[in-house]
Amino acid sequence: MRLIIAFFTAAIALLSAAGYSQQSRAGESASESGFSPYVDAQGNISRPQDFRTNWVHLGSWFVSDDGEASGPGVHDVYAQPEAVAGFKKNGQWPDGAVLVKAISAIQADKLPTGNAHWAGDIGVWFVMVRDRENRFPDNKAWGGGWGWALFKADAPSKNMTTTWKGEGLNNCYGCHVPVRDTEWVYIEGYPTVREYARYHE
Ligand code: HEC
């Protein structure tokens, strides 16, 4: 038994010397850091994929395409079950909470209910990751206690956000500053959790 352990220890030492630990850091550093499975050691954010199946749906926005809208579509917002449990308990988002907003194309038709609008294919994903410990002070995609990321359907694994104070869709700061007092989140749109919010007591 002792021999076997010695063998493995030697093998691991060899592998790390050969740079294998570096390699796994790029891919799996999140679990290494213990912070978030969607964030690596440098603060790079990856896109959660199972949110429609395993996460909690917080609410939806419908932004009609009136020619002036900067983000027309059906906006569905999700958070992990444990983040929602934390919010319900403390009235604020816990460290590691991830919010995903998926923006889908608008489908419309006259249905037996009336002039119906519903979600088509997703075009854009916005992701926010709560960081209460200022873990990435040098990474400009982190600020206000969150990491900010944007993914588009034509390159769904590429995070387009290098700074949360960027241009256009990357001006996360400019568009979220009106709600900085509610942790930068448009909380009134989320009937699943809004009655638990504790910001104005
Ligand atoms: C054009 C203004 C605008 C920009 C730019 C913008 N947001 Fe938002 N965001 C909003 C508004 C308004 C809402 C809620 C209402 C809605 O979706 O229409 C929202 C909602 C969200 C939500 C759902 C949770 C919440 O805060 O209510 C996430 C996640 C999000 N944005 C992330 C981002 C990220 C990340 C960026 C930058 C990469 C960004 N947003 C840039 C305006 C913007």
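The values are calculated or read from the model by the stated rules, or taken from the named source; none is laboratory data. Please read all numbers here as calculations on a predicted model, not as lab measurements. Glycine also receives a Cβ, built like all others from the backbone with ideal geometry; neighbour counts cover every protein chain displayed.
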Margin query: It is to be established whether one or more residues within region 77-86 are within 14 Å of I122 (Cβ to Cβ), in a strand (DSSP E or B), aromatic (F, W, Y) and within 16 Å of the chain's Cα centre (by Cα).
Written below: yes
Check: Is it true that P48 is touching a strand residue (DSSP E or B) at 6+ places or on another chain (Cβ under 7 Å), in a loop (DSSP other than H, G, I, E, B) and more than 9 Å from the ligand (Cβ to nearest atom)?
Finding: yes
Margin query: Given the criterion assigned by TED's automatic domain parsing to the domain that holds G73, under 30 Å from G34 (Cα atoms) and more than 16 Å from the chain's Cα centre (by Cα), identify the matching residue among T182, T162, T113.
Written below: T182
Check: Within the set of pairs 6 or more residues apart or between chains, which connect a residue that is without any contact (Cβ under 8 Å) to a residue 12 or more places away in the chain inside region 80-108 to a residue that is away from the ligand (no atom under 16 Å from the Cβ) and not acidic (D, E) with Cβ atoms less than 9 Å apart?
Finding: A108/N115; A108/A116; A108/W118
Next item on the list: Please tell me if D95 is more than 10 Å from the ligand (Cβ to nearest atom), assigned to a loop (DSSP other than H, G, I, E, B) and in the same structural domain as D131 (by TED's automatic domain parsing).
Entry: yes
Notebook entry, point to check: Can D131 be described as touching a residue at least 12 places away in the same chain (Cβ under 8 Å) and more than 16 Å from the ligand (Cβ to nearest atom)?
Noted result: no
Note to self: Of the residues K101, K88, only one is within 11 Å of the ligand (Cβ to nearest atom) and out of contact with any Lys or Arg (no Cβ under 8 Å at 6 or more places or on another chain); which?
What the structure shows: K101
Next item on the list: Mind listing just one residue for me: the one in region 139-160 that is touching a residue at least 60 places away in the same chain (Cβ under 8 Å) and outside any strand (DSSP E or B) and, of those, surrounded by the fewest Cβ atoms within 10 Å (Cβ to Cβ)?
Entry: S157
Item checked: Count of region 115-138 residues which are surrounded by 11 or more Cβ atoms within 10 Å (Cβ to Cβ) and part of a strand (DSSP E or B) -> 14
Item checked: Tally of residues being among the aliphatic types (A, V, I, L, M) and touching a residue at least 40 places away in the same chain (Cβ under 8 Å) across region 60-78 -> 2
Check: Inside region 161-182, can you point out the residues that are in contact with a strand residue (DSSP E or B) (Cβ under 8 Å, 6 or more places away or on another chain), in a loop (DSSP other than H, G, I, E, B) and near the ligand (Cβ under 9 Å from one of its atoms)?
Finding: T161, W164
